[in-house]
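Structure first, then comments.
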Amino acid sequence: MLHRKEIHHILDGYARDEITIATIGSHTALQILKGARDEGFKSLVICKRGTEEVYRQFGLADELLTVENFEQVLEKSFQEQLIKRNAILIPHGSFVEYLSPVRIENELFVPMFGNRAVLDWEADRGKEREWMERAELRLPVEFNDPADIDRLVMVKFPGAKGGRGYILASNHDEFEQKRKKLELRDKGEFTIQEYVVGTRFYPHYFYSPLKDKLELLSMDIRYESNIDGIARLSYILRDSLPEPSFVVTGNLPVVIRESLLPRVLEMGRRVITASQEMFSPGLIGPFCIETVCTEDLAFIAFEISARIVAGTNLYISGSPYSQLLYDVPMSTGRRIAREVKEAIKGDLLKEVVY
Ligand code: AMP
């Protein structure tokens, strides 16, 4: 992994009053660009050829660079162009997926907002579970041996992108039958996890190391196909239900019962504390915990996204929570730019960039 010192050495060469906020044109780029502009930064978006129009149309980027494929971003000459512009890259879900965590850690020497060491902990299911356990989150029960399945479970295959190709099974026989049908994925490792019935909440947090403060900025529910479609037709389809899939197609806004807020904040705090203990200086900036709230009002967490999540796109002009914290419309994208701005002011950029 590129050492912190190497990245900070590059950052030393940056003109502090000429910083450019840069990101890849996808996922949450629009709010990141708008947030950068609202906080007074120059902004740059890197687009794959053919997608530029979206970013031109909204006119939020001061500069647009086109690439044939996103891997080009890792080429030395391309990175040098970014460094010449004093660019700080803002990672998001597509950014991590297109460039790959390993390549980002080893080949991307452009300074990035946040702690790049977190990518390892997010990408590896085993390490992520260790992190969640250390944070004392309640997790779905996992079954190491399919023969032990004694309730509805969800089987997560590593290659199953975006929840497509997960299977549900209620017992060992059903699991084996479905697994046979999916010979292709049979080879890889998989996780057998209790399917938690309840209501989903995906709270969007922001941790500021400058203020040592955790903020709850917003919350969403993922709108997933085909499972959310099946719900509408379950009565009609009851004899021929298709295998559910969980492909995110959109996001729905949600607020939570106010009496549950302390617990939501507590989960966020524990995730931060555990991250500081496990990979100092820990998680910096935006993150999300994917949870299901059961009828006993317990939160069961099944994933941490250690960066800005797409559900925050609902709140480009602020959320019911961010409005309580800020007098201006504070999206997560803008909150990132604000943190960079405050870090520059206090000469603390190295605290939030790696
Ligand atoms: P994931 O790929 O882990 O983000 O899961 C995709 C989707 O599957 C989630 O957004 C949930 O709707 C659903 N899901 C994942 N794990 C569980 C679980 N243990 N119990 C219930 N639903 C789950």
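Bear in mind that the values in this text are calculations on the coordinates, not laboratory data. All values derive from a computational prediction rather than experimental measurement. Cβ: placed from backbone, ideal geometry, glycine included. Neighbour counts: every protein chain shown.
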Review point. Within straight cross-link reach of K213, meaning Cα distance under 21 Å, which lysines are found once same-chain residues fewer than 8 apart are removed?
Key: K341, K345, K350
Review point. If r is the Cβ-Cβ distance from E130 to V197 and R0 is 25 Å, what FRET efficiency results, to the nearest 0.05?
Key: 0.45
Revision key, fill the gap. Percent relative contact order for region 189-340, counting Cα pairs under 8 Å at least six residues apart, stands at 28 percent
Exercise for review: Considering the options L64, A123, N86, tell which one lies farthest towards the positive end of the dipole of region 47-135, charges being +1 on Lys and Arg and -1 on Asp and Glu at the Cβ, about the Cα centre.
Suggested key: N86
Point to revise | Highest to lowest packing among 29-37, 299-307, 105-113, scored as the average C-beta count within 10 Å | key: 29-37, 299-307, 105-113
Check your understanding: Between D12 and Y223, 0.36 nm times their residue separation minus their Cα-Cα distance comes to what?
Key -> 71.7 nm
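Mind putting a number on the dipole of region 39-174 about its Cα centre? Charges go on the C-beta only, +1 for Lys and Arg and -1 for Asp and Glu, and I need it in Debye to the nearest 20.
Details: 18 positive and 25 negative charges, 101 e Å.
My answer is approximately 480 debye.
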**Study point:** Segments 321-328, 84-91 sorted - mean Cβ within 10 Å per residue, highest first
**Key:** 84-91, 321-328
Review point. So what is the relative contact order for the chain, in percent, with contacts set as C-alpha pairs under 8 Å and at least six apart?
Key: 21 percent
Exercise for review: Among the lysines, select those whose C-alpha is under 24 Å from the C-alpha of K178, and discard any that sit fewer than 8 residues away in the same chain.
Suggested key: K156, K161, K187
Study note, to complete from the structure: Ranked by GNM mean-square fluctuation in the chain (Cα springs under 10 Å), the top entry among G114, G282, G126 is G126
Check your understanding: Over the Cα atoms of region 39-149, Rg to Rh with Kirkwood Rh, two decimal places?
Key -> 1.11
Study note, to complete from the structure: Quick numbers on region 247-342, Rg and Dmax over C-alpha atoms in Å, give 14.3, 42
Exercise for review: Rounded to whole Å and ordered largest first, report the semi-axes of the equivalent ellipsoid of the chain derived from its Cα gyration tensor (root of 5λ).
Suggested key: 36, 22, 20
Review point. Working out 0.36 nm times the residue gap between K76 and D347, then minus their Cα-Cα distance, what length gain in nm do you get to one decimal?
Key: 94.8 nm
**Study point:** Average Cα contact separation per residue, region 100-254, under 8 Å, 6 or more apart, as relative contact order %
**Key:** 19 percent
Point to revise | Model label zone, K181; criterion: amide N under 17 Å from point 7 Å along Cα-to-beta-carbon; scope region 234-250 | key: 237-247
